[in-house]
Amino acid sequence: MNVKYPDRSYVFPLAFAMTVSMWAVAYFCRLPAVMAPSWLVLALMLAMVALWGWITGMRSGGGWFAGTMVGAVSAVLNMLILGSLLASADNGGLVPSALWWVPGSVLVISLISGGFAAVGARIESSDAVTGWTALFSKVAVATTFLLVVAGGLVTSNEAGLAVVDWPNTFGSNMFLFPLARMTGGIYYEHAHRLFGALVGLTTVALAVRLWRRDNRTWLKRLGGVAVVLVILQGILGGLRVTGGFTLSTSEADMAPSLTLALVHGVLGQVFLGVLVAIAVVTSKLWLDGPEPEQRPYFKDDRTFQRWLVGIMVVQLVLGAAQRHLSALLIVHISLAAIVVLLAIMVGVRAWGLYRGTRPVEQLGKLLVILTSVQVFLGIAALGVTGGLATVGAPTTLEITVTTTHQATGAVLLALSVALLFWTQRVSVGAEEVSSSKDRKLGSSGNP
């Protein structure tokens with residue numbers, strides 16, 4: 001199948017997907033505890049280019065030209081980190097090789113992506129040319145989750161103040177800070193900032209796409225809310241370090257705030273929940289699925305799920321207070337018992353009462369399983385930290401357990417939000433039968 005789409009609606013979703021994959025590989029391979037050799041990092045990043053080039057050819061129907069465009073856009077997005085590779089470790093300026101590295105990287109990535117797209121175009125795919133906005137929103141969720149994990153590693157490694165200034169990095173432009181100087185805590189904090197920039201760019205691009213291509217006014221506004229939240233999140237992250245707006249690089253001029261660190265951490269996970277909601281309502285199944293069914297237990301489920309989302313947010317606040325301030329541990333543990341009972345009840349109801357209803361049944365199963373896992377992670381985190389905020393040099397075990405516990409909490413919140421929206425989508429109360437056709441909350445434009 002070889003279908004042409006003049007608006008090239010697939011370019012940005014696939015380009016961002018390619019970029020995020022490359023960044024994720026580079027980030028985890030260059031963690032101080034991993035430090036994979038440079039040749040392996042480069043090989044894995046180019047493998048991501050090949051993979052998404054192949055997917056572009058298979059799903060877009062555009063062949064080599066589509067892959068070349070996606071690769072070129074991805075290469076431009078990668079300029080956000082290319083400056084770190086080309087900056088001189090001595091004075092922060094660009095090394096002479098930048099003159100050929102920049103166009104050379106665009107050319108190489110475009111050619112690899114285009115070549116594999118030509119191969120992928122030969123394969124028939126039932127998913128071809130559908131759901132590009134849905135893909136874009138999922139990419140935004142994945143990027144934000146990576147940012148949450150990176151933020152968790154910053155906190156676990158006590159690296160939140162490893163870089164003393166903001167928005168610059170030790171006086172250098174954030175995007176031109178040399179990779180050679182990104183060691184130890186500086187790597188964790190600076191990489192977190194770069195991921196934040198990518199999340200901000202992804203969110204703005206997604207919001208613009210929603211405003212241009214979706215007819216649902218409330219969804220366009222939700223995209224606008226996401227943009228406001230990501231901007232606020234970036235400012236909070238900076239003020240957490242400096243305490244005020246300043247370009248000074250002197251520690252004496254800074255007033256770091258643990259309170260802002262707490263707010264920054266919690267807001268990041270709330271922001272993830274907003275993007276999950278957008279991903280749910282832009283999915284193909286949401287838009288093209290069957291009409292809602294009348295379910296006598298729907299109102300109870302909706303109430304329980306709303307309570308679960310609300311209590312989980314409160315629990316995130318308490319968890320952040322414990323991680324940053326060593327405060328409210330007993331309250332955090334006590335509320336955890338309520339969250340666990342409510343989450344398992346909600347999950348079991350979704351699993352049992354919505355059998356055969358996608359994806360409510362599957363989300364219910366995941367909620368039950370991950371809640372059980374989170375209980376053990378919470379006990380493990382308490383064991384390795386002794387109930388205290390990290391002080392000094394944390395061990396690898398402590399970093400791994402506490403960060404995994406935090407990340408799993410974010411996933412549980414995301415699952416709860418998704419389950420709430422999907423239950424609303426597939427169900428209708430007895431008194432709402434006449435309006436069941438409106439359950440999709442509006443019709444979408446060109447996806």
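Considering only residues that are within 14 Å of residue 82 (Cα to Cα) and small (Gly, Ala, Ser), look in the stretch 154-200 and name the one that is least open to solvent (accessible area, probe 1.4 Å).
Only one residue fits best here, namely 191.
Cβ-Cβ under 6 Å, sequence separation 6+ or interchain: first residue in the stretch 238-262 and farther than 19 Å from residue 152 by Cβ, partner polar (S, T, N, Q) and open to solvent by less than 70 Å² (accessible area, probe 1.4 Å). Which pairs?
243/257; 253/246; 254/242
Assigned to a helix (DSSP H, G or I), in contact with a helix residue (DSSP H, G or I) (Cβ under 6 Å, 6 or more places away or on another chain) and under 13 Å from residue 179 (Cβ atoms): is that true of residue 41 in this structure?
The answer is yes for residue 41.
Just to be sure I understand the filter: pairs with C-beta atoms under 9 Å, separated by 6 or more residues or on different chains, first member in the stretch 275-298 and more than 15 Å from residue 220 (Cα to Cα), second member of a type in the set (Phe, Trp, Tyr). Which pairs pass?
Listed pairs, sorted by first residue: 285/422; 286/421; 286/422; 292/298; 295/354.
Please tell me if residue 147 is modelled with pLDDT of 85 or more and open to solvent by 70 Å² or more (accessible area, probe 1.4 Å).
Against the criterion (modelled with pLDDT of 85 or more and open to solvent by 70 Å² or more (accessible area, probe 1.4 Å)), residue 147 does not qualify.
Among the residues of the stretch 136-159, how many are touching a residue at least 60 places away in the same chain (Cβ under 8 Å) and touching a His at 6+ places or on another chain (Cβ under 9 Å)?
Residues that pass the stated criteria total 6.
Within the stretch 348-386, can you find the residues that are charged (D, E, K, R) and open to solvent by 30 Å² or more (accessible area, probe 1.4 Å)?
349, 355, 358, 365
Considering only residues that are modelled with pLDDT of 85 or more and either hydroxyl-bearing (Ser, Thr, Tyr) or under 19 Å from residue 80 (Cα atoms) (or both), which ones fall in the stretch 105-135?
Correct list: 105, 106, 107, 108, 109, 110, 113, 133.
Kindly evaluate residue 261 against the criterion of being touching a Gly at 6+ places or on another chain (Cβ under 9 Å), at pLDDT 85 or above and farther than 30 Å from residue 346 by Cβ.
Against the criterion (touching a Gly at 6+ places or on another chain (Cβ under 9 Å), at pLDDT 85 or above and farther than 30 Å from residue 346 by Cβ), residue 261 qualifies.
Among the candidates 352, 364, 383, which residue alone is within 24 Å of the chain's Cα centre (by Cα) and either closer than 12 Å to residue 308 by Cβ or assigned to a helix (DSSP H, G or I) (or both)?
It is 364.
Quick check: anything in the stretch 203-214 open to solvent by less than 50 Å² (accessible area, probe 1.4 Å), over 19 Å from residue 16 (Cβ atoms) and touching a residue at least 40 places away in the same chain (Cβ under 8 Å)?
No, the stretch 203-214 has no match at all.
The values are calculated or read from the model by the stated rules, or taken from the named source; none is laboratory data. Quantities reported herein were computed from a predicted structural model and do not represent experimental measurements. A quick note on method: Cβ atoms are made from the backbone with ideal geometry, for glycine too, and the neighbour counts reach across all protein chains shown. Just the protein is used for accessible areas: all its heavy atoms, side chains included, with ligands, DNA and RNA removed. Shrake-Rupley method; radii C 1.70, N 1.55, O 1.52, S 1.80 Å.
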